[in-house]
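First up is the structure itself, then whatever we jot down about it.
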Amino acid sequence: MTLCLAAGSCLTLQAQEIPLVNNIYGRPHTTTLNGQWNYIVDVQERGFYDYRMREDRNGFFRDAHQRSKIDLVEYNFDTSPQMAVPGDWNTQDSRLFFYEGTVWLRRTFDYQPKPGRRTVLYFGAVNYEAIVYVNGQKMGRHVGGFTPFNYDITSALKPGQNNVIVKVDNKRDRSQIPTNIYDWWNYGGITRDVLLTEVGETYIEDYSLQLDKQDWKHLTGWVKLNSRKAGERVTVSIPELKVNQQVMTDDEGRAELSIKAKPELWSPESPKLYDVTLTLGEESMQDRIGFRCIETKGKQIVLNGKPIFLRGVAIHEEAPFTQGRTRNLEQSRTLLGWAKELNCNYVRLAHYPHSELEVREAEKMGIMVWDEIPVYWTIDWTNEETYANAQRQLHDMIYRDKNRAAVVIWGIANETPHSEPRDKFLSSLARYAREMDSSRLISMAMEVTSAKNFHNKLSDNMHEYVDVVSFNQYVGWYRDVNVAAKMTWEVPYDKPVIISEFGGGALAGWHADKDTRFCEEFQENLYIENLKMLDKIDGLSGLSPWILMDFRSPARYLPHVQDFFNRKGLISPEGQKKLAFYVMQQYYREKMEQAKQSR
Ligand code: GCB
């Protein structure tokens, strides 16, 4: 099956994989397969390969059971341990803390297939590779640990008890996205929701609805069915705006939307969302959509016609107060609530797409979002498969989040080293993002790692492909300690600037003097000095300091201080705010006041 963009690029889907049934949470017949799944750790992948390394036709996907006392079956899901899904395995079984390899997970469920209905099995994210089987039939293989995918499992289902088995493999590899080194924990497992949704033979697969950038009394968009069926009537209603528009699909199963309406615009101060219902035949689905206009003018970022400063912070998707990948909305709410408390109106969701629920929550709370894919550090730039993988992840992120008003920036890379192949790779990705969505801003985190005579100059060929020039800099931590006051900065491009990262580490609760690394006073002083320095950058339009909360990283070895945590958080995993938190909070308070006065 092939999935094509309006602009012409196509992605090939395999086996039962279907284009994402978008807005899974707004569909009426959705049930969950979250819960306890049995699992088998398979270090040598012997449940997948036979002893000649061929794919074994009697692999674990068969969920075999011993039928008589002479039968030899060397595994048993029923008597194997269980873990929670969603959930990473590293923090649920101490034997798996550092584990990178294959784990098989199985869940059984009762089901009654209904005539004339199709059943879709949806995964919010599985890190990193998933091979999915339903009742012994292979549905497909998915790579990429942070984007959703789904299969039409109708033909594999039977009345009564069914099973789904997933072979999950989180081994790192040079060719992958991300590649084999990166500064976060490689949490393995089914880390987001597993859902079943029932749809009709013909259903609304995807849609887009947003404010017309040229005319704010007008909404534009489109609806797309799963099949190329002409003459199907789709109704779009927004009761609060008295909109009830009917459109007919064309030969492609698509219909354009053009709606006269004057919505109250979404903004951080007033994150207005409208209930939207899309109906095809008997079936309706719900969404909540905000309308706003994001653009740049010279060195400014402009939201709904007014310049705005992005008061941000970077966040990893790591659970506060407990450990591991964020598993539920409560945990995301805590993180976003802390960002609010810091006086943020923006978050950089680093370094991979976070869960759809987190993005939706940010939107409700009035927080703008930088969404990003894990093209991080030194990717295998000349490998075509690697490029295809990055493009697929970018596609899937934009596809999923395109109706989120909160998302204002697509981040396509982080700290990538200059070279011709890298430029080719990234410029293609940037063009692809723009083809898919020309309504948002494109950026990437570039870097400045050294200064000449205390003068820092950003230089990156990618500047012409982005709308916002962003870069990370670590003055006071990895470089140039205690000289921030002397530093000057030059960004020689007529575009807004975001400092996508700056910061330094501190162990919460450790107090010493400002020259002692890893104590709170050191971090506090680093923030004070950096803010003074960064404030002078011409075109500075936003900041996302690194990072809201300490997060796990295998490359942070220092005993008693790091203990496998990157300690650059403004808050500890136990929720303790460090001194630097208050520096940032005060800085943003002042920015808010300035913005109010200039209105
Ligand atoms: C960076 C990376 C980020 C790291 C951070 C650090 O520049 O973008 O992923 O975690 O530095 O702490 O070194």
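The values are calculated or read from the model by the stated rules, or taken from the named source; none is laboratory data. Every value quoted in this text rests on a predicted model; they were computed, and no experiment measured them. FYI the Cβ positions are ideal-geometry reconstructions off the backbone, even for glycines, and counts take in every protein chain you see. Only protein heavy atoms, including side chains, enter the accessible area calculation; ligands, DNA and RNA are left aside. Shrake-Rupley method; radii C 1.70, N 1.55, O 1.52, S 1.80 Å.
Which of PRO554, ASN328, THR296 sits farthest toward the positive end of the charge dipole of the chain, with +1 on the Cβ of Lys and Arg and -1 on the Cβ of Asp and Glu?
Comparing the listed Cα positions along the dipole, THR296 ranks first.
So what's the net charge close to GLN300: Lys and Arg +1, Asp and Glu -1, counting the other residues with Cβ under 11 Å from its Cβ? Walk me through the intermediate numbers first.
Numbers: positive: LYS297, LYS299, LYS306, LYS495; negative: GLU295, ASP494.
Residues near GLN300 contribute +2 overall.
Please work out how much accessible surface ILE528 shows to a 1.4 Å probe, ignoring ligands, DNA and RNA, in Å² rounded to 10.
It works out to around 70 Å².
When a/c is below 1.5 the answer is rounded, else prolate if a/b is larger than b/c, else oblate, so apply that to the chain with a ≥ b ≥ c taken from the square roots of the Cα gyration tensor eigenvalues.
Numbers: a/c = 1.88, a/b = 1.24, b/c = 1.52.
Since a/c reaches 1.5 but b/c is at least a/b, the shape of the chain is classed as oblate.
Counting only protein heavy atoms and using a 1.4 Å probe, what share of the accessible area of the chain belongs to carbon plus sulfur, as a whole percent?
Values: 11560 of 24010 Å².
Of the solvent-accessible surface of the chain, carbon and sulfur hold 48 percent.
What whole-number value in Å² describes the accessible area per residue of the chain for a 1.4 Å probe?
Values: 24010 Å² over 599 residues.
On a per-residue basis, 40 Å².
Stretch GLU55-THR378 to full length: gain in nm at 0.36 nm per residue minus the Cα-Cα span?
Contour length minus the Cα-Cα distance gives 113.1 nm.
Taking the alpha-carbon centroid of each part, what is the distance from segment 96-167 to segment 25-50 in angstrom?
Using only Cα atoms to place each centre, the spacing works out to 6 Å.
At a Förster radius of 60 Å, what calculated FRET efficiency corresponds to the Cβ-Cβ distance of ASP513 and GLU74, to the nearest 0.05? Don't skip to the end; give the middle numbers.
Values: r = 61 Å, r/R0 = 1.01.
Here the calculated transfer efficiency is 0.50.
Using the basic label-point model (7 angstrom from Cα toward the beta carbon), what is the GLU201 to ASP110 distance in nanometres?
About 3.0 nm separates the two model spin labels.
Given labels modelled 7 Å from the Cα in the Cβ direction, how far is it in nm from GLU593 to ARG117?
5.9 nm
Calculate, in nm to one decimal, what GLN44 and SER270 gain on full extension: separation in residues at 0.36 nm each, minus their alpha carbon distance. Walk me through the intermediate numbers first.
Values: separation 226, 0.36 × 226 = 81.36 nm, distance 5.37 nm.
Taking GLN44 through SER270 to full extension adds about 76.0 nm, to one decimal.
Testing the spin-label approximation: label points 7 Å from Cα along Cα→Cβ at GLU464 and LYS452. State their distance in nm.
2.2 nm
Nearest 0.05, what FRET efficiency do PHE97 and ASP173 give at R0 = 25 Å with Cβ-Cβ as r? The partial results should precede the final answer.
Details: r = 21 Å, r/R0 = 0.83.
That pair, PHE97 with ASP173, gives E of 0.75.
Can you tell me the FRET efficiency between ARG288 and VAL483 if r is taken as the Cβ-Cβ distance and R0 is 60 Å, rounded to the nearest 0.05? Please list the in-between numbers first.
Working: r = 48 Å, r/R0 = 0.81.
The computed FRET efficiency comes out at 0.80.
As a quick test, which of the pairs LYS340/LYS532; LYS568/LYS596; LYS224/LYS306; LYS424/LYS536; LYS167/LYS577; LYS514/LYS591 have an alpha carbon distance above 29 angstrom in this structure?
On the way: LYS340/LYS532 22 Å; LYS568/LYS596 31 Å; LYS224/LYS306 33 Å; LYS424/LYS536 33 Å; LYS167/LYS577 39 Å; LYS514/LYS591 26 Å.
Beyond 29 Å: LYS568/LYS596; LYS224/LYS306; LYS424/LYS536; LYS167/LYS577.
Could you size up the charge dipole of the chain around its Cα centre, putting +1 on the beta carbon of Lys and Arg and -1 on that of Asp and Glu, and report it in debye to the nearest 20? Before the final figure, lay out each step's value.
Details: 74 positive and 80 negative charges, 123 e Å.
With Lys and Arg at +1 and Asp and Glu at -1, about 600 debye.
Counting only helical runs of four or more DSSP H residues, what would the 222 nm mean residue ellipticity of the chain come to if each run contributes -39,500 (n - 2.57) and the total is spread over all its residues? Working shown, then result.
Values: 6 runs with 93 residues, N = 599.
Mean residue ellipticity at 222 nm (helix-derived): -5000 deg cm²/dmol.
Could you check what % of the DSSP bridge pairs in the chain are antiparallel, to the nearest 5? Could you put the intermediate results ahead of the total?
On the way: 94 of 128 bridges.
Among the beta bridges of the chain, antiparallel pairing accounts for roughly 75 percent.
For segment 288-332 and segment 535-599, what is the separation of their Cα centres, given in Å?
Centre-to-centre distance over Cα atoms comes out at 15 Å.
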